[in-house]
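The block underneath contains the structure these notes are about, expressed in structure tokens.
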Amino acid sequence: MEKIVILTGAGISAESGLGTFRDEGGLWAQHRIEDVATPEGFARDPALVHAFYNARRVQAAKAEPNAAHTALARLQRHWPGEVVLVTQNVDSLHEAGGARNVLHMHGTLAGALCAACGHRWAAPPEMTVGQPCPACAAPTGRPDVVWFGEMPYHMDSIYDHLAEAGIFAAIGTSGQVYPAAAFVHEAAMAGARTVELNLDPSSGASSFDQVILGPATETVPAWVDQLLAG
Ligand code: BJW
């Protein structure tokens, strides 16, 4: 049975109350990317960056998975082949909705990372500047997320899955950030059928075989029903 590879973005968590980045009033309308989502911004003002991620960690902890998250978990349980979930999101709503083996290519709010030795540990609800690393004691704890200019996680595994995909879906992502924006091309080259599910057409919509527009809580359960009905 065909392998399904699904890429999700901030739009899938929007109806759980978590803000997207590039929609009107989104996170990038309120914060400068250079200040809060680059290693240079963290080096300049770590307190500002910790405050940004502490607030999002608190908000994400209160959020509940929605019908789109649970529908993808249902697809993972019932599809006779493999369903690989790759998310750009740093929340844990896929897991809370019952999904397994989620590849968090941009890291997670739940993790802390030592910028000096690379050790990882569970982030406290509030991270502070100079937090010592439990492994090497350097005062260089940072959120375990991937900023611009850094290499996303799990890339070898993701490219291997894309090369074997029979179906590729991108859900709730604007297609403006690489390398995720190019996954549709990788999957198409492997012969996959490609589908975008988004509120509005993304900047890469013309690269997909099919585009399904609407809120994820409506389109994703319907798409999953259709796949499982064969
Ligand atoms: C709904 C909805 C509803 C709303 N229902 N839908 C030129 C060309 C190519 C690349 C580059 C370039 N110049 C620079 C680069 C590289 C750079 C990049 O892409 N820059 C672009 C700005 C051009 N990329 C990087 O630096 C990456 N690293 C890298 O490339 O390493 C080298 C490499 C080389 C080769 C292979 C592999 C690697 C790292 C990128 C890191 C991004 N980090 C962030 C922050 C993470 C931590 C955090 O959360 O704070 O990741 S930025 C931010 O954007 C976050 C997101 O994951 C990411 C994508 O955003 P997403 O999810 O698409 O959200 P939005 O808001 O953009 O879109 C939401 C969508 O949902 C919209 O379309 C809505 O319509 C929709 N929607 N409600 C359904 N209810």
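Values quoted throughout were computed directly from the atomic coordinates according to the rules given, and no laboratory measurement underlies them. All figures in this text were calculated on a predicted structure; none of them were measured in a lab. With ideal geometry, Cβ positions are generated from the backbone for all residues, glycine too; neighbour counts draw on all protein chains shown.
Exposure proxy ranking for W223, W28, W147, based on other Cβ atoms within 10 angstrom of each Cβ and starting from the fewest, stands as W28, W147, W223.
I'm a student and want to see the number: the projected area of the Cα convex hull of the stretch 50-93, averaged over all directions, in nm².
Average of the hull's projected areas for the stretch 50-93 equals 3.6 nm².
With 0.36 nm allotted per residue and the present C-alpha distance subtracted, the A163-Y178 stretch has 3.6 nm of extension available.
Shape analysis of the stretch 1-59 yields a ratio of the Cα radius of gyration to the Kirkwood radius, Rg/Rh, of 1.11. Once you place label points 7 Å from the Cα toward the Cβ at Q30 and A116, how far apart are they in nm? Going from the Q30 label point to the A116 one covers 3.3 nm. Using all pairs of distinct alpha-carbon atoms, the Kirkwood hydrodynamic radius of the stretch 155-230 works out to 12.7 angstrom. Exposure proxy ranking for Y53, Y159, Y153, based on other Cβ atoms within 10 angstrom of each Cβ and starting from the fewest, stands as Y159, Y153, Y53. The mean of 1/r over all distinct Cα pairs in the stretch 1-123, once inverted, gives the Kirkwood hydrodynamic radius of 15.7 Å.
Phi angles of the stretch 34-39 translate, via the Karplus equation with coefficients 6.51, -1.76, 1.60 and θ = phi - 60°, into HN-Hα couplings of 4, 7, 10, 10, 9, x Hz per residue; Gly and Pro are given as x. Projecting the Cα atoms of A112, G175, Y153 onto the charge dipole of the stretch 92-230, computed from C-beta unit charges around the Cα centre, puts A112 farthest toward the positive end. Rounded to the nearest 0.05, the FRET efficiency derived from the C-beta distance between V58 and D156 at R0 = 35 Å is 0.55. Convert 25 °C to kelvin, take the viscosity as 0.890 mPa s, use the Kirkwood radius over C-alpha pairs of the stretch 67-188 as Rh, and evaluate the Stokes-Einstein diffusion coefficient in µm²/s, rounded to a whole number. The calculation lands on 154 µm²/s.
Separation of the stretch 156-195 from the stretch 77-154 is 21 Å, based on Cα centroids. All alpha carbon pair distances within the chain were sorted into 5 Å bins beginning at 0; the resulting P(r) in whole percents reads 1, 7, 14, 19, 20, 16, 11, 7, 4, 1, 0. The angle between the Cα long axis of helix 216-229 and the longest principal axis of the Cα atoms of the chain comes to about 40 degrees, rounded to the nearest 10. From the convex hull of the Cα coordinates of the stretch 70-128, what is the mean projected area in square nanometres? Over all viewing directions, the stretch 70-128 projects a mean Cα-hull area of 4.9 nm².
For the pair C136 and R193, a Förster radius of 45 Å applied to the C-beta separation gives a FRET efficiency near 0.45, rounded to the nearest 0.05.
Kirkwood analysis of the Cα pair distances in the stretch 98-157 returns a hydrodynamic radius of 12.3 Å.
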